[in-house]
Amino acid sequence: MHDIFEALLTDSFQRPHQYLRISLTDACNLRCFYCMPDEDSHCTPHHQLMQTNEILSLAKTFVGLGVNKIRLTGGEPLVRKEFPEILKALSELPVQLTLTSNGVFLDKYLDLLKQSGVRSINISLDTLEREKFILLTKRDNLDIVKANINKAIEYGFHVKVNMVVMRGINENELCDFAAWSVNMPLHIRFIEFMPFTGNQWHHDKVYTRDEILHTLAGKFDFIPLAKEPHDTAHKYFVKGAKGSFAIISTMSHPFCGDCNRLRLTADGKMRNCLFATHETDLLYALRSGQSIEPLIVENLKQKSQKLGGQFDEHFEKIQPETLQNRSMIAIGG
Ligand code: SAM
Ligand code: SF4
């Protein structure tokens, strides 16, 4: 039976897909410029969002087709007022459940996350400098995020810290973040800056994997770790470190060949790639009583081989205004 499922969620390039990222909201308490284009941008009205029972129903359909890992994301998933009930509902499914959060409200949910079987949490933080944090997010929350990262570690979660590296903004802090992973049991993920609608992306601002490695090699003695199947990150270990660091090189060294990710936006649209140009409205289909499985399978068949078919690793050629996409906050990271 399992083979049949795997075949259903295999795309035209023989890639099996078992990992679903569900966005719970396109609202957020922070205002990261690279993610949320405009402070005045409006978020989706509540009735157009997937409701708890609809999230569960769609998630069950994906699980029935072979999905075994679900990440809750957003926007900021912890600002969704039904977060506790959504988490509890999904925790009944036979999947590895994970979360990506900006960390600001995390302390309120650590017990619940633990009880719900979550083991690993990704927390986003791009700077360790207060003024820069305010510049990047338009909010003064650095201390609370750092405190909540520490609390999550104390609770025994596997904590990954996502840092979007942008030239001229925070590449001077790479060594500070790496040093943090030496002294603390946390796993830093340096992410290359990606282009989305209205996010001020320019190829000059991409600080590439090779540049990151070159910068870190000036200060640390590290070795690459073996890649696990479907890993998007190249992992490294600094001798004697309590944690590790990794690089997500979507722009300079895309990992599309091994991609196993599917996405559901907060308004219930299925996307087969961050850069996909088409979506399938599963929420509309669910509300109008249609069968969901064929729509999922059909959407996946249309997955492009690389980067939504919109560009390739020669990212310096990208004209961001010609890309067709939503903003990151509207897709779900
Ligand atoms: N609010 C949560 C958070 O910040 O972790 C979850 C949603 S956020 C969209 C998910 C991840 O996407 C974050 O780690 C964020 O840094 C990353 N992200 C957003 N825009 C990005 C961009 N333009 N390039 C690379 N990563 C980006
Ligand atoms: Fe909010 Fe996360 Fe986007 Fe920042 S990256 S604006 S915290 S959703």
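The values are calculated or read from the model by the stated rules, or taken from the named source; none is laboratory data. Just so you know, these numbers come straight off a predicted model, no measurement behind them. In this analysis, Cβ positions are derived from the backbone assuming ideal geometry, glycine residues included, and neighbour counts consider all displayed protein chains. Note: areas computed on protein heavy atoms with side chains; ligands, DNA, RNA excluded. Shrake-Rupley method; radii C 1.70, N 1.55, O 1.52, S 1.80 Å.
Laid out as a table, the results:
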quantity: Pair list, Cβ under 7 Å, 6 or more apart: the range 315-333 residue more than 25 Å from V161 (Cβ to Cβ) and more than 16 Å from ligand 2 (Cβ to nearest atom), other residue open to solvent by 30 Å² or more (accessible area, probe 1.4 Å) and assigned to a helix (DSSP H, G or I); calculated: E316/H203; I318/H203
quantity: Residues located in the range 274-301, provided they are touching a residue at least 40 places away in the same chain (Cβ under 8 Å) and either touching a Cys at 6+ places or on another chain (Cβ under 8 Å) or open to solvent by 60 Å² or more (accessible area, probe 1.4 Å) (or both); calculated: T277, R287, E293, K301
quantity: Subset of the range 242-255 [over 16 Å from N325 (Cβ atoms) and either open to solvent by 20 Å² or more (accessible area, probe 1.4 Å) or not hydrophobic (A, V, I, L, M, F, W, C) (or both)]; calculated: K242, G243, S244, S249, S252, H253, F255
quantity: Verdict on L174 being within 15 Å of ligand 1 (Cβ to nearest atom) and open to solvent by less than 60 Å² (accessible area, probe 1.4 Å); calculated: no
quantity: Output for the range 278-333, where each listed residue is in a helix (DSSP H, G or I), within 24 Å of D26 (Cβ to Cβ), within 16 Å of ligand 1 (Cβ to nearest atom) and of a type outside the set (A, V, I, L, M); calculated: G308, P320, E321
quantity: Matching residues, the range 120-144, being open to solvent by 30 Å² or more (accessible area, probe 1.4 Å) and not in a helix (DSSP H, G or I); calculated: S124, L128, E129, K138, R139, D140, N141
quantity: Breaking point among (1) in a loop (DSSP other than H, G, I, E, B); (2) touching a Phe, Trp or Tyr at 6+ places or on another chain (Cβ under 6 Å); (3) modelled with pLDDT of 95 or more, for V165; calculated: (1)
quantity: Residues located in the range 177-204, provided they are within 16 Å of ligand 2 (Cβ to nearest atom) and open to solvent by 10 Å² or more (accessible area, probe 1.4 Å); calculated: R189, I191, M194, F196, T197, G198, Q200, W201
